[in-house]
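To keep things clear, I will list the structure first and then write my remarks on it.
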Amino acid sequence: KILLLLALVILDYDLQVSGDVRCGQHRAPTCNDCLNGNGAQDCSGDCQWLAEGCFDADEDEESSKGIISTGCQRNSRTGRCSTGSGCFPSTAEVYLLSGDTKMMKNLEIGDTVLTKHKTYSKVVGFMDINYQEETTFLSLMTNLSTSVSMTLNHIVFIKTEEEDETITKYVNDIQIGDILLHEITGQKGEVIKISKFVSNGYFAPLTETGTLVVDGYLASCYASFPHWAANIALYPARTWPAIFLGNAEEGTGTFVTVIKAVGNLLNLRNTLPALVVMDASKDEF
């Protein structure tokens, strides 16, 4: 069964590279070509249903409506504007065990960084790095007069008002009034403004825990797929990074690419990340 699954993943990856996209139950040259008269039912897999049309799964609703126009690289399979991988901008800051801060673009494998309140772990590698590509990020400003920025499909941790539980949410689904966790002060930051900006480059570090405190706020290392699923899937990389991640080279590693292909095969892309509720009082997520 394992060999069969790997064969399917390799076949799926080869087909994607050749310029074909998965529409769910069938394939087409582009997401727009997926539609066979059944609306959203024809649009899944590598694509998503937005604004009465079928678009690349990494594209956000506003850009599908043409509200945003930026110079960007086009997805070779879908022809749509790419928002980059689920990552952080080069100027995002992390917090070192020494008490200093370091920009994401200067982060190195082996750095010990804050991964939640008063908890540190090592950066074991990078799942993706790009130094030049123009990438769209969302900036979440809170009532603490600070902000955090990530790509639209990245995952961030929030507090629920009703039961005061910690859950995960895609950044693109964050709304005004959502509560972020400011791990430096232990305060709750209410989102008061959401804005977009374009910056060159993106960075996706992986820590031993799968979490990271960025610009003071608690975030997942993962994007596009539920945190719990990604954390399980990347267990080999977190445990044996030299084998599965290698050095910090630009681009997406082979192991991460295969894991993403498996997630697509299982239709986990962009499923609700808040299926797992975490108790913030515990030491583990």
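Just wondering, is there one or more residues in the range 121-137 that are farther than 27 Å from K260 by Cβ and at pLDDT 95 or above?
No, because not a single residue in the range 121-137 is farther than 27 Å from K260 by Cβ and at pLDDT 95 or above.
Could you list all residues from the range 141-158 that are out of contact with any Ser or Thr (no Cβ under 6 Å at 6 or more places or on another chain) and either under 13 Å from G189 (Cα atoms) or surrounded by fewer than 22 Cβ atoms within 10 Å (Cβ to Cβ) (or both)?
Across the range 141-158, the qualifying residues are T142, N143, L144, S145, T146, V148, V156, I158.
For the structure I just gave you, tell me whether L180 is over 23 Å from Q48 (Cβ atoms) and in contact with a Lys or Arg (Cβ under 8 Å, 6 or more places away or on another chain).
It is true that L180 is over 23 Å from Q48 (Cβ atoms) and in contact with a Lys or Arg (Cβ under 8 Å, 6 or more places away or on another chain).
Hey, any hits in the range 55-77 for a residue that's at pLDDT 50 or above, under 20 Å from the mean Cα position of the chain (by Cα), open to solvent by 40 Å² or more (accessible area, probe 1.4 Å) and among the charged types (D, E, K, R)?
Yes - at least one qualifying residue is present in the range 55-77.
Mind listing whichever residues of the range 88-103 are part of a loop (DSSP other than H, G, I, E, B) and buried (at least 16 other Cβ atoms within 10 Å of the Cβ)?
P89, S90, A92
Yes or no: the range 135-150 includes at least one residue that is in contact with a Cys (Cβ under 9 Å, 6 or more places away or on another chain) and over 19 Å from L218 (Cβ atoms).
Looking for residues that are in contact with a Cys (Cβ under 9 Å, 6 or more places away or on another chain) and over 19 Å from L218 (Cβ atoms), one finds at least one in the range 135-150, hence yes.
Could you give every pair whose Cβ atoms fall below 6 Å, whose first residue belongs to the range 22-35 and is over 17 Å from N264 (Cα atoms) and aliphatic (A, V, I, L, M), and whose second residue is part of a helix (DSSP H, G or I) and open to solvent by less than 60 Å² (accessible area, probe 1.4 Å), counting only separations of at least 6 or pairs across chains?
L35/D42
Among the listed residues I155, I109, which satisfies the condition of being hydrophobic (A, V, I, L, M, F, W, C) and in a strand (DSSP E or B)?
Step by step, each of I155, I109 is checked, and only I155 is hydrophobic (A, V, I, L, M, F, W, C) and in a strand (DSSP E or B).
Quickly run through the range 245-259 and pick out the residues that are without any contact (Cβ under 8 Å) to a residue 40 or more places away in the chain and either open to solvent by less than 60 Å² (accessible area, probe 1.4 Å) or touching a strand residue (DSSP E or B) at 6+ places or on another chain (Cβ under 8 Å) (or both).
F255, I259
Would you check which residues across the range 118-146 are over 14 Å from A204 (Cα atoms) and in contact with a Leu (Cβ under 8 Å, 6 or more places away or on another chain) and list them?
Those that are over 14 Å from A204 (Cα atoms) and in contact with a Leu (Cβ under 8 Å, 6 or more places away or on another chain): Y120, T136, L138, L140, T142.
So which strands (runs of 3 or more DSSP E) stay within the range 176-237 end to end and still have 1 or more residues that are within 18 Å of S149 (Cα to Cα) and open to solvent by 10 Å² or more (accessible area, probe 1.4 Å)?
The qualifying strands (runs of 3 or more DSSP E) are 179-182, 187-207, 217-223.
The values are calculated or read from the model by the stated rules, or taken from the named source; none is laboratory data. These numbers were taken from a predicted model, which means no experiment stands behind them. Using ideal geometry, Cβ is built from the backbone for each residue, glycine included, and neighbour counts are taken over all protein chains shown. We work out accessible area using only protein heavy atoms, side chains counted, and drop any ligands, DNA or RNA first. Shrake-Rupley method; radii C 1.70, N 1.55, O 1.52, S 1.80 Å.
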